[in-house]
Amino acid sequence: MNDKSHVSLEQHVCLVCGAAFDTGAILLDKRLRASMKHHTTTGWGLCPEHQKLFDDGFVALIECDPQRSGAHGERMKPEQAHRTGRLAHLRRTVFAKMFNVPIEDKLPCVFVEPGVIEKLQTMTAPAAA
């Protein structure tokens, strides 16, 4: 049985967590040939959870292994990043102060080296008992 069709539901992959999510768009093969699977991944985006955090003024810090990631010494692309699974969210204003660099308003995430998130966790104040 052929599971391909001339229509497909578009999906993006979340930049932050790597999960595929539906965009709500329908793709159509103009030649009306059965060339597409039920879901077609077309690019990167933010899943609803991480989109909300971005809209609320947070930037995601995604820990990546530099030895396994591509583009050494260059700006890393999402498909080149070898994610370790650790991530954190910081308010944009806090990020700019802590790292002493401005961050573009449209940038939802940054890739960081191993140890950065752990260092940030040690800087947090302990909860009052």
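The numbers here are math on the coordinates, done by the rules we state, and not lab data. Bear in mind the structure is a predicted one, so any value in this text is a computation, not a measurement.
Worth pointing out:
- The helix-only estimate of mean residue ellipticity at 222 nm for the chain, built from DSSP H runs of length n ≥ 4 each weighted as -39500 (n - 2.57), is -5000 deg cm²/dmol after division by the residue total.
- With the convex hull constructed from alpha-carbon coordinates only, the chain shows a mean projected area of 11.9 nm² over all directions.
- Net lengthening on full extension, Phe99/Val7 (0.36 nm per residue, minus Cα-Cα): 28.5 nm
- Lys pairs, the chain - Cα-Cα below 27 angstrom, 8 or more residues apart or on other chains: 13
- Average Cα contact separation per residue, the chain, under 8 Å, 6 or more apart, as relative contact order %: 22 percent
- Beta bridge orientation in the chain: antiparallel %, DSSP, nearest 5: 55 percent
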